[in-house]
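The block underneath contains the structure these notes are about, expressed in structure tokens.
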Amino acid sequence: SIDTANNRVCFTPSTAGVYDFIVSVTDSCGATDLDTIRATITFGEYANITCPASPFSASLCAAGQVCQAIAITPASATVTTSFGTYSGGNLCFQADTSGTYVIRVIATSSCGADTCDVTFNVDIGSAADITCPGTQTRFVCAAGASVCTPITVMGAGATVTVTPIGTYSAGAVCFNADTSGHYVLKVKASTTCGSDSCNLIVDVTI
């Protein structure tokens, strides 16, 4: 449509491209003139971040880098982060302690910006560490009696096994002594970050 009051042509482009408008004018004497208006149209894009609905969990054995893919469109969007960096579709940061990290990501393009808060729950574990006491002496009054000895196990969530006999519970190794003698038990503690073992020696007299 032509808006003669404001000397302009108005239209709604459906696609990007070059649009040519031929505008003609005729006066009361029948004289005419025409000219061409060329409009080059490009469409920008709105920035969009596919924001995760729930926190990410990361388990490390030492302070280190955590990376997570975060989808952002368009690829040309300018991305800023409150902590860490965003590159190649991945949000990366250095985790130096266990805890919750909340990182704000902002993507900006020609038609607008989008913001997302990404949460990471980071657990920095350690290898298991186990310490057995020196040789223990126990006196029991009947064969098959339970003999228990405290040991020290370090490492959150460590799994402890005892061989060839015995079990570990609540900070102590227990076994049933069926005869008097020299008992040597191998106690092993393991976490996802490493394991440790020691020999528990108990001399039992029935």
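The values are calculated or read from the model by the stated rules, or taken from the named source; none is laboratory data. Note that the coordinates shown come from a computational prediction; the quantities given were computed from them, not determined experimentally. Neighbour counts run over all protein chains shown; Cβ positions are idealised from the backbone, glycine included. Ligands, DNA and RNA are stripped out before the accessible areas are found, and what is left, the full protein with its side chains, is counted by its heavy atoms. Shrake-Rupley method; radii C 1.70, N 1.55, O 1.52, S 1.80 Å.
A few notes on this one:
- Looking only at the range 157-194, and only at residues there that are open to solvent by less than 50 Å² (accessible area, probe 1.4 Å) and hydroxyl-bearing (S, T, Y), the one that is farthest from G125 (Cα to Cα): Y183
- Summed over the range 26-61, the residues that are of a type outside the set (A, V, I, L, M), open to solvent by less than 60 Å² (accessible area, probe 1.4 Å) and within 30 Å of A156 (Cβ to Cβ) give a count of 2.
- Residues that are touching a residue at least 12 places away in the same chain (Cβ under 8 Å), in a loop (DSSP other than H, G, I, E, B) and aliphatic (A, V, I, L, M), drawn from the range 1-48: A16, A47
- Checking G64, G112 one by one, the residue that is over 30 Å from A189 (Cβ atoms), open to solvent by less than 80 Å² (accessible area, probe 1.4 Å) and either in contact (Cβ under 8 Å) with a residue 24 or more places away in the chain or within 18 Å of the chain's Cα centre (by Cα) (or both) is G112 and no other.
- The set of residues in the range 12-26 being at negative phi and in contact with a strand residue (DSSP E or B) (Cβ under 7 Å, 6 or more places away or on another chain) consists of P13, A16, V18, Y19, D20, F21, I22, V23, S24, V25, T26.
- Those residues of the range 129-156 which are open to solvent by 70 Å² or more (accessible area, probe 1.4 Å) and of a type in the set (D, E, K, R), in sequence order: D129
- Every residue from the range 69-86 that is within 15 Å of T119 (Cα to Cα), β-branched (V, I, T) and open to solvent by 80 Å² or more (accessible area, probe 1.4 Å): T85
- Which listed residue, of S146, S98, is small (G, A, S) and under 26 Å from the mean Cα position of the chain (by Cα): S98
- Single residue of S197, S126 found to be at pLDDT 95 or above, farther than 30 Å from V79 by Cα and open to solvent by less than 70 Å² (accessible area, probe 1.4 Å): S197
- Taken over the range 62-80, residues that are under 21 Å from V102 (Cα atoms) and either touching an Asp or Glu at 6+ places or on another chain (Cβ under 7 Å) or not in a strand (DSSP E or B) (or both) amount to 4.
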